[in-house]
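Q: Handing you this structure, nothing more for now.
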Amino acid sequence: MAIFEIAILGRVTWNLHSLNNEGTVGNVTEPRTVVLANGEKTDGISGEMLKHIHAYNVWLLQEDKSQFCEACQKFHPQKADENKLVTGVQTDKKIPSDQKSIVAMGKAISSCSLCDLHGFLVQRPTVARPSTVEFGWALGLPEKTHRDIHLHARHSMVGRSREETEAEKGEEAPERVTAQMIYHRPTRSGTYAIVSVFQPWRIGLNEVDYNYTAVNDDKRKSRYQLALNAYKATFVRTDGAMTSTRLPHIEAIEGIVVISETNFPAPAISPIKDDYIIQTENLVRGQKGLSTKKFSNLTD
Ligand SMILES: [Zn+2]
């Protein structure tokens, strides 16, 4: 495959979202807070959340779900660990014990594009494959991030007590009254720095014996294309926590994609720095096999 690695470095502006949170204490949900190297606190959306959104888009965009293992067809997080072709290797007497992890890894990769792209952990035989898609935290630029806790009331209609009904006899009062549950929900608006690295060179690579025999080149290409489309879907419609009532208003996206066509890692300078595009371009200029493409909206 011609593409070795791709780094996506950018800034995304999301308004009024609540994409991921620390958790809920009582009726208050706390937004995520992270600390930067200079001690400054800011808002963050975890890499786990972004990777999960990307994985979901891989699943969604693949029309032929038979390209996934049993677990991934239902988007179960166990992935290859629930794939009988893989776990069956452990008890298969025809496979010598020193070959089991090689065979298990090969079967996991050949039977599932999501396992191949996003990695997995199988307990028996023990095989671990890191993801080919990596996300860092989305970091709110401190001077461009705002958060608010909003108070909401959930209304529910309940029957009134007998006393009230008795007291209101003869009056034209409604037959039901409203009960309220007060809760607090964080809402954030801000521009976030995003870093992601995609390693197409590892698609189909058996990382126990380092060969590419598990899948053919056509399959590797279609998995590569699937992962790229999942990136697009992730940024044009960002799903996460609380999107049923806090669907983010996506206002802007800009950044730079670094493409490495040789076996040199694509540099990933954080977009938290204002000059990240200039710095990246300078780095790329001095290195053979690297190129860049800037983007400033969702259609680039
Ligand atoms: Zn799978």
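Every number here is computed from the coordinates shown, using simple stated rules; none is lab data. All of these numbers come straight from a predicted model, not from anything done at the bench. Cβ coordinates were reconstructed from backbone atoms using ideal geometry, including for glycine residues, and neighbour counts include every protein chain displayed.
Q: Stokes-Einstein at 37 °C, 0.692 mPa s, Kirkwood radius from Cα pairs: D for the chain in µm² s⁻¹? Mind showing how you got there, number by number?
A: Working: Rh = 22.1 Å.
D = 149 µm²/s.
Q: Of the options ALA128, SER296, SER101, report the single residue whose Cα projects farthest towards the positive end of the charge dipole of the chain (beta-carbon charges: Lys, Arg +1; Asp, Glu -1).
A: Ranked along the dipole, the leading option is SER101.
Q: What is the sum of charges, Lys and Arg at +1 and Asp and Glu at -1, for the other residues whose Cβ falls under 14 Å from the Cβ of GLN287?
A: Working: positive: ARG285, LYS288; negative: GLU5, GLU261, GLU281.
For residues surrounding GLN287, the net value is -1.
Q: Based on the alpha-carbon gyration tensor of the range 1-57 and its eigenvalue square roots a ≥ b ≥ c, which shape applies: rounded if a/c is under 1.5, prolate if not and a/b is larger than b/c, or oblate? Don't jump to the answer; show the numbers that get you there.
A: Numbers: a/c = 2.54, a/b = 1.66, b/c = 1.53.
Judged from the Cα gyration tensor, the range 1-57 comes out prolate (a/c at least 1.5, a/b above b/c).
Q: If you don't mind, another one. Suppose a student asked you for the relative contact order of the chain, using Cα pairs under 8 Å spaced at least 6 residues apart; what percent would you report?
A: Working: 586 pairs, mean separation 94.7, N = 300.
Value for the chain: 32 percent.
Q: Mind pulling the angle between the C-alpha long axis of helix 276-285 and the longest principal axis of the chain? Nearest 10 degrees, somewhere in 0 to 90.
A: It is inclined by approximately 10 degrees.
Q: Same structure again: If you wrap the range 199-300's Cα atoms in a convex hull and average its projection over all directions, what's the area in nm²? Write down the numbers at each step before the final one.
A: Working: hull surface 36.4 nm².
Mean projected area of the Cα convex hull: 9.1 nm².
Q: Which value results for Rg/Rh of the range 39-113 when Rg is the Cα radius of gyration and Rh the Kirkwood radius based on the inverse mean 1/r? Numbers along the way, then the final one.
A: Working: Rg = 16.7 Å, Rh = 14.3 Å.
Ratio of gyration radius to Kirkwood radius: 1.17.
Q: Could you give the dipole magnitude of the range 62-111 about its Cα centre, charging the beta-carbon of Lys and Arg +1 and that of Asp and Glu -1, in debye to the nearest 20? Kindly include the intermediate steps, with their values, before the conclusion.
A: Details: 8 positive and 7 negative charges, 34 e Å.
Computed charge dipole of the range 62-111: roughly 160 debye.
Q: Taking the Cα centre of the range 21-139 as origin and charging only Cβ (+1 Lys, Arg; -1 Asp, Glu), how large is the dipole, in debye to the nearest 20? Provide the component values of the computation, followed by the final result.
A: Details: 13 positive and 14 negative charges, 116 e Å.
That gives the range 21-139 a dipole magnitude of about 560 debye.
Q: Quote to one decimal, in nm, the extra length available between GLN99 and GLN279 on full extension: 0.36 nm per residue of separation minus the C-alpha distance between them.
A: Working: separation 180, 0.36 × 180 = 64.80 nm, distance 4.60 nm.
Net length gain for the segment: 60.2 nm.
Q: Under unit Cβ charges (Lys, Arg +1; Asp, Glu -1), what dipole magnitude, rounded to 20 debye, does the range 1-59 have relative to its Cα centre? List each step's numbers first, then the result.
A: Values: 4 positive and 6 negative charges, 21 e Å.
Charge dipole of the range 1-59: 100 debye, to the nearest 20.
Q: What does the highest-first list of 190-199, 140-149, 262-271 look like by mean Cβ count within 10 Å?
A: Working: 190-199: 22.9, 140-149: 15.1, 262-271: 16.9.
Answer by packing, highest mean first, reads 190-199, 262-271, 140-149.
Q: Given the C-alpha centroids of the range 70-113 and the range 196-234, what is the distance between them in whole angstrom?
A: Using only Cα atoms, the two centres lie 18 Å from each other.
Q: Which lysines does LYS94 reach when only Cα atoms under 22 Å apart count, and residues fewer than 8 places away in its own chain are ignored?
A: LYS84, LYS107
Q: Using Cβ counts within 10 Å as a stand-in for footprinting exposure, how do ARG285, ARG129, ARG237 rank, fewest first?
A: Least crowded to most crowded, the residues run ARG285, ARG237, ARG129.
Q: Taking 4 °C and 1.567 mPa s as the conditions, I'd like the Stokes-Einstein D for the range 2-135 in µm²/s, using the Kirkwood hydrodynamic radius from alpha carbon pairs. Numbers along the way, then the final one.
A: Numbers: Rh = 17.5 Å.
Here the translational diffusion coefficient equals 74 µm²/s.
Q: Given the options LEU117, ASN216, ALA138, identify the residue whose Cα lies farthest towards the positive end of the charge dipole of the chain (+1 on Cβ of Lys, Arg; -1 on Cβ of Asp, Glu).
A: Positive-most Cα among the choices belongs to ASN216.
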